[in-house]
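In what follows, a single structure is set out as structure tokens and then discussed.
The values are calculated or read from the model by the stated rules, or taken from the named source; none is laboratory data. The shown structure was predicted, so the numbers you read here are calculated from the model rather than taken from an experiment. Cβ placement follows ideal geometry from the backbone for every residue including glycine, while neighbour counts extend to all protein chains displayed. What goes into the accessible areas is simple: the full protein's heavy atoms, side chains included, and nothing from ligands, DNA or RNA. Shrake-Rupley method; radii C 1.70, N 1.55, O 1.52, S 1.80 Å.
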Amino acid sequence: MDSVIELQLWQMAAAYIFVVALLFIVRIRGISREKEILISSTRMTVQLILVGYILDYLFNNINPLNTIGVIVVMEVFAIHNIYKRTKGTLSKPLKKIIALSMMFGTLSSLIYFLLAVIHISPWYDPRYFIPIAGMLIGNSMTGISLGVTRLVDDMYAERHLIESALMLGATPKMATKQIVDNAFDSAILPTINSMVGMGIIFLPGMMTGQILSGISPVTAVSYQIAIMLGILGSVAITVILFVQLGYKTFFNEEKQLVVNE
Amino acid sequence: MTMLPQTPAIFHGSIKDNLLIGLKFAEKPLASDNQLCDALKRVKLNKALSQDAEKLSGGEKQRVALARVVLSNPEVLLLDEPSSALDEDTEHIIIEELVNYSQKRGKTLIMATHSKKIANQFSDQMIEIKDGKII
């Protein structure tokens with residue numbers, strides 16, 4: 001296997017030509033996005049440098065508490081991000097369901113994936129635990145965000161139909177079946193679509209990274225397939241838990257809809 | 001008990017879908033096409049079962065919703081101004097039909113209405129509310 005080309009500082013700096021080109025284009029076209037482009041490029045650079053040093057420290061100081069601490073921080077940020085991304089206000093019970101679904105969905109698939117599929121040893125090895133947790137949590141966060149938005153929007157938009165269904169004797173589950181199914185569908189669809197295009201339309205980031213770092217493409221592919229299935233499982237468990245429990249928060253104990261005008 | 005609001009919702013689909021959905025929700029046996037047509041006749045709506053329910057006029061939608069609750073055959077039927085989108089003559093005919101239908105089957109019909117004429121003519125018991133108080 002060829003040795004990896006180590007990027008020198010000037011080589012990394014040369015890549016910023018693309019940012020300069022983009023800034024030039026938006027300036028010429030009069031699109032006022034210079035500030036956002038500069039902020040996002042700077043944030044990306046600083047965040048990645050920081051995370052590089054943090055990961056380096058964690059990989060050299062293997063300790064279960066460090067690994068668990070990182071997972072907790074990732075979960076907290078992901079849950080907070082879901083709350084922030086959703087337009088409008090989320091009720092407290094719905095927030096609890098989001099947090100519960102994220103924790104249970106991602107952690108159960110992560111533990112299964114690492115211990116039953118990959119067989120890592122020790123169980124808290126951060127070299128596997130952290131990047132794989134990042135992929136499962138990140139994809140589940142995107143999925144559940146889409147599901148939350150769809151569920152909340154439809155519960156408000158279709159409240160008259162839900163109430164009519166309740167008046168006709170439907171249970172909350174029957175009255176919201178279509179809405180819950182649509183929320184699940186919109187949450188899981190990006191993951192399914194990304195699997196369809198994988199390998200033909202694009203090469204996934206993890207696989208590309210492994211190939212660039214000198215690992216055989218066959219090994220990289222087998223990891224990629226396994227991780228995609230892990231992501232699918234994690235997103236599916238997270239989202240199904242969320243929609244199955246989430247719709248109930250829109251009803252009171254008397255099974256009345258509590259969505260306001 | 002089933003309630004029909006003043007502005008009932010019409011579900012996506014045909015008149016038939018809308019008539020059957022109440023039975024599905026109440027987990028009751030589905031009605032035949034003949035029974036569905038009878039229910040439409042009872043509310044004086046002469047439309048094909050296959051017609052798109054969302055394209056009906058306000059009054060026609062109200063009649064589909066009435067036929068839907070009648071089909072579900074509840075012990076107590078609570079109607080909130082069920083004929084507000086209908087003209088006076090049709091209103092009278094439909095209320096009379098509903099009252100006869102409920103009496104024959106021994107069901108209770110509770111109806112909120114602004115029409116004293118309708119209330120006087122068809123009710124066994126009348127409660128008048130003014131400024132939020134029973135008078």
Q) Which one is farthest from B:TYR101 (Cα to Cα) among residues in segment B:113-135 that are part of a loop (DSSP other than H, G, I, E, B) and open to solvent by 100 Å² or more (accessible area, probe 1.4 Å)? A) B:ASP131
Q: Filter segment A:111-129 down to residues that are within 15 Å of A:VAL72 (Cβ to Cβ) and surrounded by 21 or more Cβ atoms within 10 Å (Cβ to Cβ), then give me how many there are.
A: 2
Q.
Can you find, within segment A:170-200, the residue that is nearest to the other protein chains (Cβ to nearest Cβ) among those that are more than 19 Å from A:LEU229 (Cβ to Cβ) and hydrophobic (A, V, I, L, M, F, W, C)?
A. A:ALA170
Q) Which pairs do you get when a residue that is within 12 Å of chain B (Cβ to nearest Cβ) and touching a residue at least 12 places away in the same chain (Cβ under 8 Å), found in segment A:149-168, comes within reach of a residue that is assigned to a helix (DSSP H, G or I) and open to solvent by less than 70 Å² (accessible area, probe 1.4 Å), reach meaning Cβ atoms under 7 angstrom, with the pair 6+ apart or on two chains? A) A:GLU158/A:ILE179; A:ILE162/A:ALA175; A:LEU166/A:ALA175
Q: For segment B:46-54, state whether one or more residues are acidic (Asp, Glu), outside any helix (DSSP H, G or I) and within 21 Å of B:MET3 (Cβ to Cβ).
A: no
Q | Conditions (1) at pLDDT 95 or above; (2) farther than 23 Å from A:SER186 by Cβ; (3) crowded, with 19+ Cβ neighbours inside 10 Å; number of the one not met by A:VAL76 | A | (3)
Q. Scanning segment A:167-186 for residues that are in a helix (DSSP H, G or I), open to solvent by 40 Å² or more (accessible area, probe 1.4 Å) and not acidic (Asp, Glu), which turns out nearest to A:ILE98 (Cα to Cα)?
A. A:PHE184
**Q.** Cross-chain or 6+ apart pairs with Cβ under 6 Å, segment B:24-45 first and surrounded by fewer than 16 Cβ atoms within 10 Å (Cβ to Cβ), then modelled with pLDDT of 90 or more
**A.** B:LEU30/B:LEU20; B:LEU30/B:LEU23
Q.
Looking only at segment B:48-57, filter to residues that are modelled with pLDDT of 90 or more and open to solvent by less than 70 Å² (accessible area, probe 1.4 Å); which one of those is nearest to the other protein chains (Cβ to nearest Cβ)?
A. B:ALA53
Q.
Please determine whether any residue of segment A:235-245 is among the hydroxyl-bearing types (Ser, Thr, Tyr), under 20 Å from A:LYS96 (Cβ atoms) and under 19 Å from the mean Cα position of the chain (by Cα).
A. yes
Q | Scope segment A:56-76; condition of a type in the set (A, V, I, L, M, F, W, C) and under 17 Å from A:PRO122 (Cβ atoms); matching residues | A | A:LEU58, A:PHE59, A:ILE62, A:LEU65, A:ILE68, A:VAL70, A:ILE71
Q: Please determine, by comparing only the residues of segment B:86-112 that are in a loop (DSSP other than H, G, I, E, B) and within 15 Å of B:ARG63 (Cβ to Cβ), which one is least open to solvent (accessible area, probe 1.4 Å).
A: B:LEU86
Q. With respect to A:GLN47, is the statement that it is of a type in the set (S, T, N, Q) and either over 30 Å from A:SER216 (Cβ atoms) or within 30 Å of the chain's Cα centre (by Cα) (or both) true?
A. yes
Q: Please find, within segment B:1-52, the residue that is farthest from the chain's Cα centre (by Cα) out of those that are within 24 Å of A:HIS160 (Cα to Cα) and hydroxyl-bearing (Ser, Thr, Tyr).
A: B:SER50
Q.
Quick test for you: out of A:ILE215, A:ILE227, A:ILE211, pick the one residue that is within 25 Å of A:GLY147 (Cβ to Cβ) and touching a helix residue (DSSP H, G or I) at 6+ places or on another chain (Cβ under 9 Å).
A. A:ILE227
Q. Counting only residues that are hydrophobic (A, V, I, L, M, F, W, C) and at the interface with chain A (Cβ under 8 Å from one of its Cβ atoms), how many does segment B:1-39 have?
A. 7
Q: Please verify whether segment A:96-103 includes one or more residues that are over 17 Å from the mean Cα position of the chain (by Cα), without any contact (Cβ under 8 Å) to a residue 60 or more places away in the chain and under 27 Å from A:ARG150 (Cβ atoms).
A: yes
**Q.** Complete set of residues in segment A:223-260 that are free of Cβ contacts under 8 Å to residues at least 40 places away in the same chain and farther than 22 Å from A:ASN193 by Cβ
**A.** A:ASN252, A:GLU253, A:GLU254, A:VAL258, A:ASN260
